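The values are calculated or read from the model by the stated rules, or taken from the named source; none is laboratory data. Please read all numbers here as calculations on a predicted model, not as lab measurements. Cβ: placed from backbone, ideal geometry, glycine included. Neighbour counts: every protein chain shown.
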Amino acid sequence: MKIIFKLLIVNFLLLHFTQCNSQNKSGNMRDASSAATAAKTQLLAPQDFEQKISEQEGLIIDVRTPQEFAAGHIENASSLNFLANDFLDKMDLIQKNQPLFVYCKSGNRSSKAAETLRMNGFEDVYELDGGIMAWQNENLPVVVSEDYTAEEGNAVSVEDFLSLQKNHEKLLVEFSTTWCAPCRLMKPIVEEVKEKYKQDVFVQTIDLDESQTLGQKLNLRGVPVFILYKNGEEVWRHLGLIKKEDLEEQLNQL
């Protein structure tokens, strides 16, 4: 009887320990899951990004190059080049308990920068969806540095353009220049179309003089040029002036 009684006690203790251990593991998994959720970057549209900045006192980080930053940046933003060798060193100087508002040109670099920030303990991270291109497309204000000299600061790279296509299911791109008279005639029409279709189609104007590499990649031979994309695929292209009704007809067919 004593032997049986001892065996029962041992079994009871083993069962109790196993249950406690299982509960601890489950609790640890929940804690890890909660931490991962808490560290998730919040992707915000330009208007929401602007509102969040006004509501919370945090640090606005422009992760583009210094030249891009000088060409036009969000007011009170700090320049922290994601591609620079000292990005991680500068990141260590930032307080981890403050909100961070991160953006780049089109969203490609900022998404990588935001991920790096999360992995290094920053939990309150907000990213501008579509980058400063989307910000300017909504006519939100930018600040140009006093020492800025025009070079390639406003250029849209091939990588930026691919990111733009990826981020928008329906995309209308107008390629123009400042010296092009037909481009100036098309400007009010493009603005009207942009406002009318803003819930369905993303409209972006790109200066071809500043983005010549992209123009060569797309085999552009004049301005203005209008290109429609759906799910990243080109579905329509037009060179020269076009009536508002004809442009809207193409948009309605998307």
Across (1) part of a loop (DSSP other than H, G, I, E, B); (2) on the phi < 0 side of the Ramachandran plot, I206 clears everything bar (1)
Can you name the residue in segment 168-203 that is among the β-branched types (V, I, T) and not in a helix (DSSP H, G or I) and is also farthest from A71 (Cα to Cα) among such residues? V201
L43 fails exactly one of the following numbered conditions: (1) at pLDDT 90 or above; (2) in contact with a helix residue (DSSP H, G or I) (Cβ under 6 Å, 6 or more places away or on another chain). What is the number of that condition? (2)
When you go through K96, K112 one by one, which is the residue that is under 23 Å from K166 (Cα atoms) and surrounded by fewer than 21 Cβ atoms within 10 Å (Cβ to Cβ)? K112
So which pairs qualify, if the first residue must be in segment 185-208 and within 20 Å of K166 (Cβ to Cβ), the second must be among the aromatic types (F, W, Y) and surrounded by 14 or more Cβ atoms within 10 Å (Cβ to Cβ), the Cβ gap must be under 6 Å, and the two must be at least 6 apart or on different chains? I206/F175
Of (1) among the polar types (S, T, N, Q); (2) without any contact (Cβ under 8 Å) to a residue 12 or more places away in the chain; (3) crowded, with 19+ Cβ neighbours inside 10 Å, S211 fails just (2)
Output the residues belonging to segment 89-103 that are of a type in the set (A, V, I, L, M) and in contact (Cβ under 8 Å) with a residue 12 or more places away in the chain. M91, I94, L100, V102
Looking only at residues that are hydroxyl-bearing (S, T, Y) and either within 16 Å of E159 (Cα to Cα) or modelled with pLDDT under 95 (or both) in segment 184-226, which one is nearest to the chain's Cα centre (by Cα)? T205
Given the condition under 15 Å from E192 (Cβ atoms) and assigned to a strand (DSSP E or B), answer yes or no: does some residue in segment 237-250 qualify? no
Any hit, segment 231-238, residues being touching a residue at least 24 places away in the same chain (Cβ under 8 Å) and under 27 Å from A45 (Cβ atoms): yes
With the requirement that a residue be within 9 Å of V63 (Cα to Cα) and among the hydroxyl-bearing types (S, T, Y), what does segment 80-115 give you? Y103, S110
